[in-house]
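Structure, as structure tokens:
The values are calculated or read from the model by the stated rules, or taken from the named source; none is laboratory data. Just so it is clear, the model here is predicted, and its values are computed rather than measured. So basically every Cβ, Gly included, is an ideal-geometry build from the backbone, and we count neighbours across all protein chains shown. To get the accessible areas, we keep the full protein, side chains included, count just its heavy atoms, and leave off ligands, DNA and RNA. Shrake-Rupley method; radii C 1.70, N 1.55, O 1.52, S 1.80 Å.
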Amino acid sequence: MKGLFKPKPRTPVDVVRQTRDLLMFADRMSDTREGKREDKMLELSKNIREMKSILYGNSESEPVSEACAQLTQEFFRENTLRLLIRCLPKLNLETRKDATQVVANLQRQQVHSKLIASDYLEANIDLMDTLISGYENTEMALHYGAMLRECIRHQSVARYVLESAHMKKFFDYIQLPNFDIAADAAATFKELLTRHKSTVAEFLSKNYDWFFEEYNSKLLESTNYITRRQAVKLLGDMLLDRSNSAVMTRYVSSRDNLRILMNLLRESSKSIQIEAFHVFKLFAANQNKPADIVSILVANRSKLLRLFANFKTDKEDEQFEADKAQVVKEIAALEPKERT
């Protein structure tokens, strides 16, 4: 007889609704009996794992697009994401990981060719404040950081973060003593400054003075080797991007910036030297060098030419050799300019 009364399999909509109910319970559960609380949290973990299984598939089956669309639509129909972010600290480690993967996947799910996560986040943009401040919580930083990086795939969300007061905090997060958290913050910072070209160019143009003052003093001149190495690499990525050409022209017209790059060229680390060279070559290639830039290059000409004579990458790199030959040629041909 038992077989006649098999429970009906739950639909993706059912799974989301039950998850939402359980999250609402978790959100207010301080006054609940211990036994009941454990049961509910166990059920919540199972539901989140089931959502992950629907979105990613499992060892037996691939994800079904219709089921993914239903789940996504229901998830963003109400405030499930807000509840999930708020309750994340109450979940166990495995469930936090599952929840982070669910949130990541949902950013990419299209319903009727529309990324509905983007619309939801635009209407609930304050959630980014919670995710960013997660870097100040050792236990939650990596989960919130991973969610944040997925959310800034949406241009409007990235713009909000770039234009917010939070942007200044990244210069400190990148240097947190916990290596994993600092590395995660650096990955988010890089994503913010490279993914959405037009938004980044606008941000850098508008915020040039304070941004590069912080960038130079806190990152390029940091006492931490890894911070310096990542910062000079990211600087090259930003300045060599065509969409940032106006910012690049401004950057390579500053004697202070040149001084910092020349110091990085003298580092004992080969990888920092190479990355610094990719930025330094922009100063040398600038056909409208200000007089003070020319005078610094002329004053240091023999040291620079001596440095470049023995300057090699670990692997043969034709492009690098061509760039180096061009830089050497430019510096050798420099004549001091009259100051105007």
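Lysines near Lys281 by alpha-carbon distance under 21 Å, same-chain residues fewer than 8 away left out - which ones?
Correct list for Lys281: Lys233, Lys270, Lys289, Lys303, Lys312, Lys315, Lys324, Lys329, Lys337.
Listed highest first by mean packing, meaning other Cβ atoms within 10 Å per residue, what order do 39-51, 217-229 come in?
On the way: 39-51: 18.4, 217-229: 16.0.
Sorting 39-51, 217-229 by mean packing, highest first, produces 39-51, 217-229.
In whole percent, and with a 1.4 Å probe on the protein chains, what portion of the accessible area of the chain is carbon and sulfur? It would help to have the intermediate numbers written out before the result.
Working: 8860 of 17920 Å².
That share works out to 49 percent.
Can you list the HN-Hα couplings for the stretch 61-66, worked out from phi with the Karplus curve (6.51, -1.76, 1.60; θ = phi - 60°), rounded to whole Hz and with x for Gly and Pro?
8, 7, x, 9, 4, 5
Show that you can apply the helix-only estimate: for the chain, add -39,500 (n - 2.57) for every DSSP H stretch of four or more residues, divide by all residues, and state [θ] at 222 nm to the nearest 500.
On the way: 20 runs with 232 residues, N = 340.
So the helix-based figure for the chain works out to -21000 deg cm²/dmol.
Once the Cα atoms of helix 197-206 and of the chain are each reduced to a long axis, what angle between those two axes, in degrees from 0 to 90 to the nearest 10, is obtained?
The two axes meet at around 60 degrees.
Expressed in nm to one decimal, what extension gain is obtained for the pair Ile226 and Lys315 from 0.36 nm per residue of sequence separation less their Cα-Cα distance? Walk me through the intermediate numbers first.
On the way: separation 89, 0.36 × 89 = 32.04 nm, distance 2.18 nm.
So the chain would gain 29.9 nm between Ile226 and Lys315.
With Kirkwood radius over Cα pairs in Å in mind, check [x] 23.2; [y] 21.9; [z] 20.0 and report the label derived from this structure.
Only one listed value fits the structure, namely [x].
Rg and Dmax in Å for the stretch 278-326, alpha carbons only: what are they?
12.0, 36
In whole Å, largest first, what are the principal axis extents of the Cα atoms in the stretch 211-340?
39, 35, 28
With a 1.4 Å probe and all protein chains kept in place, how do Met147, Met29 rank by accessible area, largest first?
On the way: Met147 0, Met29 25 Å².
I get Met29, Met147, largest accessible area first.
Please compute the contact order of the stretch 35-169 in relative form: average sequence separation of alpha-carbon pairs under 8 Å and at least six residues apart, divided by the residue count, as a percent. Display every interim value, and only then the final one.
Numbers: 111 pairs, mean separation 28.2, N = 135.
Relative contact order comes out at 21 percent.
For a quick check of your reading of the filter: which trypsin sites (Lys or Arg not before Pro) in the stretch 250-287 sit in a DSSP loop and have no more than 14 other Cβ atoms within 10 Å?
On the way: sites: Arg250, Arg255, Arg259, Arg266, Lys270, Lys281; in loops: Arg266.
For trypsin sites (Lys or Arg not before Pro) across the stretch 250-287 that sit outside H, G, I, E and B with at most 14 neighbouring Cβ atoms in 10 Å, the list reads Arg266.
Can you list the GluC sites (Glu not before Pro) in the stretch 238-340 that are in a DSSP coil and have 13 or fewer other beta carbons within 10 angstrom?
Values: sites: Glu267, Glu275, Glu316, Glu318, Glu321, Glu330, Glu338; in loops: Glu267, Glu316, Glu338.
Those that pass, being in a loop and sparsely packed, are Glu316, Glu338.
Relative to the first principal axis of the alpha-carbon coordinates of the chain, what is the inclination of helix 141-151, with its axis defined by its Cα atoms, in degrees from 0 to 90 and to the nearest 10?
80
Over the chain, what is the relative contact order in whole percent, taking alpha-carbon pairs under 8 Å and six or more residues apart?
Details: 324 pairs, mean separation 31.3, N = 340.
Relative contact order, the chain: 9 percent.
Simple spin-label model, 7 Å along Cα-to-Cβ: Asn300 to Arg266 in nm?
About 0.8 nm, to one decimal.
What angle do you read, to the nearest 10 degrees and between 0 and 90, between the alpha-carbon axis of helix 318-332 and the longest principal axis of the chain?
40
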